Amino acid sequence: MSDPNKIFKLAIDPHFGTKAIHAGQNPDKWTFRNVIPPISMTTTFKQIAPAKHYGFEYGRSGNPSRSVLQECIAALEDAKYCLTYSSGLGATTAVAHLLKSGDHVLAGDDMYGGTNRYFSKVASKFGITMTLVDFTKDVNMEKMILPETKLVWMESPTNPCLRVIDLEKISNLIHKIRKDIIILVDNTFLTSYFQKPLTLGADLVLYSCSKYLNGHSDVIMGAVVTNRSDLYEDLAFNQNSLGIIPSPFDCFLVNRGLKTLHVRMKEHQKNGLAVAQFLEQHPLVEKTLHPGLPSHPQHNIALRQFSGFSGMVSFYIKGGLKEATKFLQSIKIFCLAESLGGYESLADHPALMTHASVPENERAFLGITDNLIRLSVGLESEQDLIADLDQALKASVN
Ligand SMILES: Cc1ncc(COP(=O)(O)O)c(C=O)c1O
């Protein structure tokens, strides 16, 4: 593949690195002019007079470490607002609480298993219904959008099959039918460095910060970003009322992780592409899924909509569960573990691990078979990663 920076229609924000390092971090806001924002480990804040304070009163309602982080994430998305939550699923819960009993959600069928589980097993108890649809196909939107549809949930690229949804096309179609439908995009796999859903028609962008945004696999956190003040007000109310807040220490860590997001994503892209190209020509691999491969069904949408690729690669190993298991027990640099987006390379067996909560018939329909393996390609040396995959593939047939 030619230079990844030259193949995309959309340019990377040339100021991204400056925003990541400076947005929300002004030392002048601290008494001692801390260059690095302090961790505000306090549950409460002294008031000058009853209900008169310096912007913070109680740690659940707000905390300076959280504000610093939220300002930085919003700036990276060129958005007005960001709210962070105790996990990506906490962020999902806060969004679901924008709805009421009887409301309907139209969601992409190939999405994170935990999101599917939340809507089908938890939100359903409160009268919220969900229909799953493959947004990469020609969908009859007039038929799919019900009078009670309030939220459309898209994850792109999807987890784990890395399908790419034409976000602008779908958002336009939906908003043409009904302007009041909230469109949410889970942008966890690409981050704001490589894709900006708010510019493509989304009202909300959701992140599992546990992945690339933090990038160090040591924090569980979620975020929602928006330009809409009405949604921001409701989400902020939910953040406090539901109590699903991140700790000040975790906010400090994610804020620190963001400082190298642009540097890490470039390297994830390079290693991810190298791994995808290696796997695609390997005789023990049935099929490789990566939007950067010309063989990917939505390759052209990716080139138009993204400004880069992350380190996510999925592939079908030749054989079945036996070969997949042998491969996953033979990797040495890649680690068999759930999650993604950290500096270390991970391998996942979606059917038995991250997507085990998706019903078996849905998994089969989506292509989450026993020989599907998802890789989060990290920042180790490219040739070592490829050598590791090669020896594990060979071991899968021994
Ligand atoms: C795409 C995506 N969205 C949301 C989540 C949920 O995030 P968290 O694990 O931080 O709750 C995950 C977790 O794997 C994910 O992969």
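The values are calculated or read from the model by the stated rules, or taken from the named source; none is laboratory data. Just so we're clear, the structure is a prediction, and the values are computed from it rather than from any experiment. So basically every Cβ, Gly included, is an ideal-geometry build from the backbone, and we count neighbours across all protein chains shown. What goes into the accessible areas is simple: the full protein's heavy atoms, side chains included, and nothing from ligands, DNA or RNA. Shrake-Rupley method; radii C 1.70, N 1.55, O 1.52, S 1.80 Å.
Selection within region 109-141: residues that are acidic (Asp, Glu) and either within 15 Å of the ligand (Cβ to nearest atom) or under 22 Å from Ala351 (Cα atoms) (or both). The member of this set that is surrounded by the fewest Cβ atoms within 10 Å (Cβ to Cβ) is Asp134.
Scanning region 304-352 for residues that are farther than 18 Å from Glu380 by Cα and basic (Lys, Arg) returns Arg304, Lys318, Lys322, Lys326. Exactly one residue out of Thr136, Thr158, Thr115 is in a loop (DSSP other than H, G, I, E, B), of a type in the set (S, T, N, Q) and closer than 26 Å to Leu258 by Cβ: that is Thr158.
Of everything listed in (1) touching a helix residue (DSSP H, G or I) at 6+ places or on another chain (Cβ under 9 Å); (2) within 16 Å of the ligand (Cβ to nearest atom); (3) farther than 22 Å from Glu233 by Cβ, the single unmet condition for Leu106 is (2). Filtered by the rule that a residue be assigned to a loop (DSSP other than H, G, I, E, B), under 18 Å from Met312 (Cα atoms) and open to solvent by less than 10 Å² (accessible area, probe 1.4 Å), region 162-186 gives Leu162, Val164, Ile165. Please verify whether region 252-264 includes one or more residues that are in the same structural domain as His97 (by TED's automatic domain parsing) and over 19 Å from the mean Cα position of the chain (by Cα). Within region 252-264, one or more residues are in the same structural domain as His97 (by TED's automatic domain parsing) and over 19 Å from the mean Cα position of the chain (by Cα). The residue that is farthest from Tyr85 (Cα to Cα), among those in region 221-243 that are of a type in the set (D, E, K, R) and assigned to a helix (DSSP H, G or I), is Asp230. Sub-6 Å Cβ pairs linking a first residue in region 77-95 that is of a type in the set (A, V, I, L, M, F, W, C) to a second residue that is more than 8 Å from the ligand (Cβ to nearest atom) and part of a loop (DSSP other than H, G, I, E, B), at least 6 apart or interchain, are Ala79/Asn227, ordered by first then second residue. Residues in region 369-398 that are out of contact with any Lys or Arg (no Cβ under 7 Å at 6 or more places or on another chain), open to solvent by 10 Å² or more (accessible area, probe 1.4 Å) and part of a loop (DSSP other than H, G, I, E, B): 7 in all. Here Arg363 passes the criteria (1) open to solvent by 30 Å² or more (accessible area, probe 1.4 Å); (2) out of contact with any Cys (no Cβ under 7 Å at 6 or more places or on another chain); (3) at pLDDT 95 or above except the one numbered (3). Could you tell me which of the residues Phe306, Phe278 is touching a residue at least 60 places away in the same chain (Cβ under 8 Å), within 16 Å of the ligand (Cβ to nearest atom) and among the aromatic types (Phe, Trp, Tyr)? One residue alone meets the criteria, Phe306. Residues that are under 23 Å from the mean Cα position of the chain (by Cα), small (Gly, Ala, Ser) and surrounded by fewer than 18 Cβ atoms within 10 Å (Cβ to Cβ) occur in region 336-346; there is at least one.
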